[in-house]
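The values are calculated or read from the model by the stated rules, or taken from the named source; none is laboratory data. No experiment lies behind these values; they were computed from the predicted model shown. FYI the Cβ positions are ideal-geometry reconstructions off the backbone, even for glycines, and counts take in every protein chain you see. Surface accessibility is based on the protein's heavy atoms, side chains included, excluding ligands, DNA and RNA. Shrake-Rupley method; radii C 1.70, N 1.55, O 1.52, S 1.80 Å.
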Amino acid sequence: MMFRATRRGAARTLALLGLLALGACAAGSSCTLQKEADLPLTAGSPLPVVQVGINGRDATMVLDTGAQDVFLTPGGARRLGLRLNPRVRGRAAGIGGSVEAMGTTLGRLSLGSSELRGVPAAVVNQNLPAAGAVSVDGLLGMSVLDRYDVELDMAAHRAALYAGAACAASPPRWAGMQRIAARSLNGVFVIPVKLDGRRFEAMIDSGSQTNVLFTDARGIAFALRHGLQGGRLHGVGPNFAHAFNVSFARLEVGRETLHEVPFVVTARRPGAPDIVLGQPFLAQHLVWLSAQRQAVFVAPAPD
């Protein structure tokens, strides 16, 4: 999800994209990558819901690697006592179109032992869908997360944030691990994959309950003509998207091949990647996102 804001007639994006360090540290330099935060995931949610501190108050947020920015609901902003900036208005875009949003600033954002100050955020004019049985105050997106290396272990219900300089000896060091080169697309991580032999770019999206393949209008028309099992896909935005359940024979992620992989197919939206790898993928894997190394590390989740 992306926030385009207008201030004094000039468009800007409220996203702190962070400078990507190119490659690993040079030989001989020190490795200082240290854990900054252990973030247990809240029980009862299919998404990685974490507890953080905002201006000294507890907040319940989805750790969302598919969101470009930090977003809050109107109720969450009121409860946290945030002041809105009427001069920073814009639109927040999601699967259901776009909604009005207004800028704010988080004076202090506490993530474990790490504290960030003056973090830009946006308050969307819409309550976010509940994450299972858990009501959330907002989304913790990549404008904050790409300051860290992010470890996701959905099977063990935990996430962790690491800060400092990484090098070849830095974690992760998982059995069966592979490193996949990544790039930033509109502020989120994308990696190359193959789906039934065709090449695509896929976003690692911890905020998505499904794997998603975006297609053009012809693909949707084909699905409608052939009577594929369909439904409605809801998210940020006032509308819903037509979606169809499809199982693909092969998904290749680096050296790993997954078989009979379920996807939801829906219409492409501007700025979206080809594919979203959501919770069905993350539930089976350990995943580590490293902006400074421009890489995603993936390993099978332990049994």
| note | Over segment 289-303, the set of residues assigned to a loop (DSSP other than H, G, I, E, B) and open to solvent by 50 Å² or more (accessible area, probe 1.4 Å) is Gln294, Pro302, Asp303
| message | Residue under question is Pro280, and the condition is that it be in a loop (DSSP other than H, G, I, E, B) and either farther than 30 Å from Ala169 by Cβ or open to solvent by 10 Å² or more (accessible area, probe 1.4 Å) (or both); does it hold? | response | no
| request: Considering each of Ala169, Ala156, Ala165 in turn, give the residue that is within 22 Å of Ala301 (Cβ to Cβ), open to solvent by 20 Å² or more (accessible area, probe 1.4 Å) and among the small types (Gly, Ala, Ser). | output: Ala156
| Residues that are part of a loop (DSSP other than H, G, I, E, B) and either within 27 Å of Glu201 (Cα to Cα) or modelled with pLDDT under 95 (or both), drawn from segment 42-64 | Thr42, Ala43, Gly44, Ser45, Pro46, Leu47, Pro48, Asp64
| request: Considering each residue of segment 268-277, count those that are surrounded by fewer than 22 Cβ atoms within 10 Å (Cβ to Cβ) and touching a Ser or Thr at 6+ places or on another chain (Cβ under 8 Å), and give that number. | output: 1
| query | So which of Ala272, Ala223 is modelled with pLDDT of 75 or more, of a type in the set (Gly, Ala, Ser) and in contact with a Phe, Trp or Tyr (Cβ under 6 Å, 6 or more places away or on another chain)? | reply | Ala272
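Regarding Leu286, is this residue open to solvent by 10 Å² or more (accessible area, probe 1.4 Å) and at pLDDT 95 or above?
yes
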| query | Any idea which of Ala92, Ala122, Ala67, Ala130 is of a type outside the set (Asp, Glu), out of contact with any Pro (no Cβ under 7 Å at 6 or more places or on another chain), at pLDDT below 90 and crowded, with 22+ Cβ neighbours inside 10 Å? | reply | Ala92
| task | For Glu252, work out the one condition from (1) more than 15 Å from the chain's Cα centre (by Cα); (2) under 22 Å from Ala159 (Cβ atoms); (3) surrounded by 15 or more Cβ atoms within 10 Å (Cβ to Cβ) it doesn't fulfil. | result | (2)
| task | With a cut-off of at least 3 residues that are closer than 19 Å to Gln284 by Cβ, free of Cβ contacts under 8 Å to residues at least 60 places away in the same chain and touching a Ser or Thr at 6+ places or on another chain (Cβ under 7 Å), name the strands (runs of 3 or more DSSP E) lying wholly within segment 87-196. | result | none
